Amino acid sequence: MKLDTNRAWKDASRNVTRNRDALLAVAGVFFLLPQLAFTLFYPQPEPTVGMSERQIMALAQSYYVSAMPAVIPMVLCQALGTLGLLSLLSHVTRPTVGGALRLGLAGLPTYLGAQILLGLGLALIGTLIISVLALSGVMAVAVAGLLLVLLLAIAIALRVSLSAAVVAIEGERNPVRALRRSWLLTSGNAWRLLGFYALFFVAFLVILMIASLVVNIPLALVASGWIAELGAALVSAVLSALFAVYLVAVIEAVHHQLAGDPVEAERRTFE
């Protein structure tokens with residue numbers, strides 16, 4: 001089936017409006033609060049003037065190592081929140097908030113397993129490609145290898161972007177089959193999905209920059225340091241939560257359009 005991106009966006013927006021209160025409650029708990037806490041308790045270090053590239057890399061590595069104990073719980077919260085939001089938005093089950101979170105918790109091991117398999121596969125393929133091309137000893141070839149791996153990762157990510165919806169909405173509990181099902185659903189629509197997701201991400205970045213200009217800069221001028229930092233962190237967390245809600249709604253709308261409505265399909269079968 002050919003994806004109608006205009007219809008998918010309208011369906012996603014309508015679904016968010018119709019379920020606004022429940023979606024915001026889940027997004028607040030599983031996206032806004034973890035993001036806000038992480039930003040406040042693990043602020044990113046700023047490189048100082050005169051630091052070498054090696055020192056900057058060491059600073060970044062030290063930061064991510066120290067933040068890892070907080071990153072893992074935050075990723076788990078966001079994964080559960082994603083599955084819960086998808087269950088809430090589903091055209092099939094229409095669960096309550098508690099029911100959606102229970103469904104999300106049931107599918108969490110499958111979703112995490114699919115993401116781990118995807119990450120390991122991309123890492124293996126990427127390492128192989130870069131290692132082979134690096135044998136040439138030519139910098140331009142090595143850079144081309146990095147670009148090739150990046151493009152390959154984007155292409156594969158597009159094809160498996162519906163795996164969370166397959167787990168949450170279709171109830172798939174096998175991570176390999178969830179990835180395969182997403183691959184089949186997105187067949188023939190990779191370019192449309194690329195354009196659709198790219199426009200969505202660009203729009204979010206524009207909104208984030210505008211919010212920073214409107215809120216963060218005035219706060220920095222009139223408020224003390226910690227108040228300005230709190231305001232900036234709060235704005236970033238709120239926008240990230242809204243971004244998550246609309247991204248999940250978009251994924252659900254795309255899945256619903258490409259997979260069809262199982263309830264309606266079953267009804268037609270017995271007519």
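The values are calculated or read from the model by the stated rules, or taken from the named source; none is laboratory data. Bear in mind that the values here come from a model prediction, so they are computed numbers and not experimental data. In this analysis, Cβ positions are derived from the backbone assuming ideal geometry, glycine residues included, and neighbour counts consider all displayed protein chains.
Results, tabulated for the structure shown:
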| quantity | calculated |
| --- | --- |
| Residue count, region 1-52 (criterion: over 14 Å from Val248 (Cα atoms), hydrophobic (A, V, I, L, M, F, W, C) and either modelled with pLDDT of 90 or more or surrounded by 15 or more Cβ atoms within 10 Å (Cβ to Cβ) (or both)) | 8 |
| Subset tally (residues that are farther than 28 Å from Met1 by Cα, touching a helix residue (DSSP H, G or I) at 6+ places or on another chain (Cβ under 8 Å) and aliphatic (A, V, I, L, M)) for region 168-223 | 7 |
| Qualifying residue in region 250-262 (condition: assigned to a helix (DSSP H, G or I), aliphatic (A, V, I, L, M) and without any contact (Cβ under 8 Å) to a residue 60 or more places away in the chain) | no |
| Single match in Leu118, Leu59, Leu86 (criterion: in contact with a Leu (Cβ under 8 Å, 6 or more places away or on another chain) and either surrounded by fewer than 18 Cβ atoms within 10 Å (Cβ to Cβ) or assigned to a helix (DSSP H, G or I) (or both)) | Leu118 |
| Residue count, region 94-115 (criterion: touching a helix residue (DSSP H, G or I) at 6+ places or on another chain (Cβ under 7 Å) and surrounded by 16 or more Cβ atoms within 10 Å (Cβ to Cβ)) | 13 |
| Subset of region 63-92 (residues that are among the hydroxyl-bearing types (Ser, Thr, Tyr) and either free of Cβ contacts under 8 Å to residues at least 60 places away in the same chain or touching a strand residue (DSSP E or B) at 6+ places or on another chain (Cβ under 8 Å) (or both)) | Tyr63, Tyr64, Ser66 |
| Matching residues, region 90-112, being more than 16 Å from the chain's Cα centre (by Cα) and in a helix (DSSP H, G or I) | Val97, Gly98, Gly99, Ala100, Leu101, Arg102, Leu103, Leu105, Ala106, Gly107, Pro109, Thr110 |
| Number of positions in region 88-120 that are modelled with pLDDT of 90 or more and either of a type in the set (Ser, Thr, Tyr) or under 23 Å from Ile154 (Cβ atoms) (or both) | 11 |
| Val143, sole failed condition from (1) touching a residue at least 40 places away in the same chain (Cβ under 8 Å); (2) surrounded by fewer than 17 Cβ atoms within 10 Å (Cβ to Cβ) | (1) |
